[in-house]
Amino acid sequence: MSRVPAPMIAIDGPTASGKGTIAARVAGMLGWHLLDSGALYRLTALACLQQGIAPDDAERAAAAATALDVQFEPGSVRMGGRDVSADIRREEVGNFASQVAALAPVRTALLDRQRAFRRLPGLVADGRDMGTVVFPDADLKIFLVASVEARAERRYKQLIEKGFSANLLTLLRDLEARDARDTQRANAPLAAASDALVLDSSHLTIDQTVGQVMDWWRERSASRA
């Protein structure tokens, strides 16, 4: 008798669409595990930067991904025993992560690690290929989008609130470049799964967006009961 996998919700979308915040809120409401797949790529990027590995050196970048010593804790991410929560959110790291994420060996190295997060009572995973590649059998797939202007403004406010310097125009251009790179890459490009529900949060609050996701989950659960 085959084992039924733990229930899960996959939330994909472009950079700064708010998927991480929404995923964390939904996971908390459901009492489920959370996978921030982007953090794994940012951690790989940070490790590469620390080791002087070029963003196009697929072999060494994949080795760095395989060797990651990572612990996800409530409110923090640790690598090699050090809290790197702030480090991995730097724009330099984010841009580097977008480049190494396009490397097939890196994606392969992190695939099993991501799938291991799926366990009872359930999992909410956010990223760019959760519903298309990592968890194609997810119970609910959501593709969260927002205009590039709205995303740039959100990222600007986040950085300023955290004490980082930021330039709105620079952020806008970086997001446009990352969108192009993520959607056009050969390996697991950013795209909505054929059975995903698209949610545009450009003019929605966090609470409204979370509410819509929860409504969809209740509907999906009721239809399968």
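Report the net charge of residues surrounding Asp195, where surrounding means a beta-carbon distance below 13 angstrom and charges are Lys +1, Arg +1, Asp -1, Glu -1.
My count for the surroundings of Asp195 gives -1.
Summing -39500 (n - 2.57) over the DSSP H runs of n ≥ 4 in the chain and dividing by its residue number, what mean residue ellipticity at 222 nm do you reach, to the nearest 500 deg cm²/dmol?
The helix contribution divided over the chain gives -15500 deg cm²/dmol.
Starting from the 7 Å offset along Cα-to-Cβ, what nm value, one decimal, do you get for the label separation of Ile160 and Ala24?
Here the answer is 2.0 nm between the modelled labels.
Taking 7 Å along the Cα-to-C-beta vector as the label spot, tell me the Leu68-Glu219 distance in nanometres, rounded to one decimal.
The two pseudo-label positions are separated by 3.3 nm.
Give or take rounding to whole Å, what are the principal axis extents of the alpha carbon atoms in the chain, in descending order?
Cα spread of the chain along its principal axes, largest to smallest: 52, 44, 33 Å.
Starting from the amide H of Asp200, placed 1.01 Å from N in the peptide plane, find each other amide H under 5 Å away whose residue is 5 or more places distant or on another chain.
Distant-sequence amide H within range of Asp200: Val145.
Can you put Trp32, Trp216 in order, fewest other beta carbons within 10 Å first?
Trp216, Trp32
How far is it, in nm, from the label point at Ala177 to the one at Asp137 when both lie 7 Å from their Cα along the line to the Cβ?
A separation of 4.1 nm, rounded to one decimal place.
Quick check: Cα centre of region 38-97 to Cα centre of region 98-119, how many Å?
Answer, in whole Å: 12.
Using θ = phi - 60° and the Karplus form 6.51 cos²θ - 1.76 cosθ + 1.60, what ³J(HN,Hα) does each residue of region 9-17 get, whole Hz, x for Gly and Pro?
10, 9, 10, 10, x, x, 4, 6, 7
Restricting to bridges with both residues inside region 1-132, how much of the DSSP beta-bridge set is antiparallel, in percent to the nearest 5?
Given both bridge residues lie in region 1-132, the antiparallel proportion sits at roughly 40 percent.
Can you give the local net charge around Thr21? Use residues other than it whose beta-carbon is closer than 15 angstrom to its beta-carbon, Lys and Arg +1, Asp and Glu -1.
+2
So what are the ³J(HN,Hα) numbers for region 197-203, from phi and the Karplus equation (6.51, -1.76, 1.60; θ = phi - 60°), rounded to whole Hz, Gly and Pro as x?
9, 8, 10, 8, 9, 3, 10
None of the figures in this text is laboratory data; all of them are computed from the coordinates on show. Fair warning: this is a prediction, and the values are worked out from it, not measured in the lab. Note that each Cβ is placed from the backbone with ideal geometry, even for glycine, and that neighbours are counted across all protein chains shown.
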